[in-house]
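Trainee: Got a structure for you, written out below as structure tokens; questions coming shortly.
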Amino acid sequence: MIELRSLQKADDAALIQHLNDDRVTKYLSSRIPSPYTREDAAWWIESGCKEVGVVRAIDFEGTFCGVIGAYKRELEYSHSAEIGYWLGYKHWNSGIATESLINFTNYIFETTEIKRLFNPVTSLNIASTKVLEKAGYKLEGVLKAAVAHEGSYIDEHLYARVCP
């Protein structure tokens, strides 16, 4: 069973473990510190995740396995939020990301004023592209050479879902 819940202090060890795994962080934002320390985890759990939007821990069968969040925009874009998610490696290819994204998308549309969720995903991150498509997100466009990644410039695919 998947539960989306608030982050807790007890999540810190798993957060540190997962965010120090290069397989997990390969396509995540470079804003995430590397190495990811106990201080980074404490800040994120205590205040960071509360400052950026709506963020939830992803629990599978009682075990913390990832994070999902909607990061709100400002001013004329305040009806829109960037959605982001990640799972620990041992939870990949299990359907957890897709189910979490579907449930979280519905939750955001039902409980907030957000009308549009979007995710810019690099063309190399095929697994995340499949998750977005299975969750009903549509490709809106391709931004050519938009991301600098490991010495190359990579296309970014912009996926979005609009509240019905």
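The values are calculated or read from the model by the stated rules, or taken from the named source; none is laboratory data. Owing to the predicted nature of the structure, the values given are computational and were not obtained by experimental measurement. Cβ placement follows ideal geometry from the backbone for every residue including glycine, while neighbour counts extend to all protein chains displayed.
Trainee: Given the structure, is E110 within 18 Å of S6 (Cβ to Cβ) and over 16 Å from the mean Cα position of the chain (by Cα)?
Mentor: Against the criterion (within 18 Å of S6 (Cβ to Cβ) and over 16 Å from the mean Cα position of the chain (by Cα)), E110 qualifies.
Trainee: Is at least one residue of the range 76-86 under 21 Å from R31 (Cβ atoms) and assigned to a helix (DSSP H, G or I)?
Mentor: yes
Trainee: Return yes or no: is Y36 surrounded by 15 or more Cβ atoms within 10 Å (Cβ to Cβ), closer than 26 Å to S123 by Cβ, hydroxyl-bearing (S, T, Y) and within 13 Å of the chain's Cα centre (by Cα)?
Mentor: So Y36 fails the test.
Trainee: Something else about it: For the range 150-164, enumerate the residues that are surrounded by 11 or more Cβ atoms within 10 Å (Cβ to Cβ) and either of a type in the set (G, A, S) or in contact (Cβ under 8 Å) with a residue 60 or more places away in the chain (or both).
Mentor: Hit for the range 150-164 is A160, nothing else.
Trainee: Of the residues that make up the range 105-123, is at least one outside any loop (DSSP other than H, G, I, E, B), surrounded by 18 or more Cβ atoms within 10 Å (Cβ to Cβ), in contact (Cβ under 8 Å) with a residue 60 or more places away in the chain and of a type in the set (A, V, I, L, M, F, W, C)?
Mentor: Checked against the condition, which is being outside any loop (DSSP other than H, G, I, E, B), surrounded by 18 or more Cβ atoms within 10 Å (Cβ to Cβ), in contact (Cβ under 8 Å) with a residue 60 or more places away in the chain and of a type in the set (A, V, I, L, M, F, W, C), the range 105-123 yields at least one hit.
Trainee: Which of the numbered conditions does E99 fail, given that it passes all the others? Conditions: (1) of a type in the set (D, E, K, R); (2) without any contact (Cβ under 8 Å) to a residue 60 or more places away in the chain; (3) out of contact with any helix residue (DSSP H, G or I) (no Cβ under 6 Å at 6 or more places or on another chain).
Mentor: Every condition holds for E99 apart from (2).
Trainee: Determine whether the range 139-146 contains at least one residue that is touching a residue at least 24 places away in the same chain (Cβ under 8 Å), touching a strand residue (DSSP E or B) at 6+ places or on another chain (Cβ under 7 Å) and either loosely packed, with under 13 Cβ neighbours inside 10 Å or not small (G, A, S) (or both).
Mentor: no
Trainee: Between S34, S80, S47, which is under 27 Å from H149 (Cα atoms), of a type outside the set (K, R) and at pLDDT below 95?
Mentor: It is S34.
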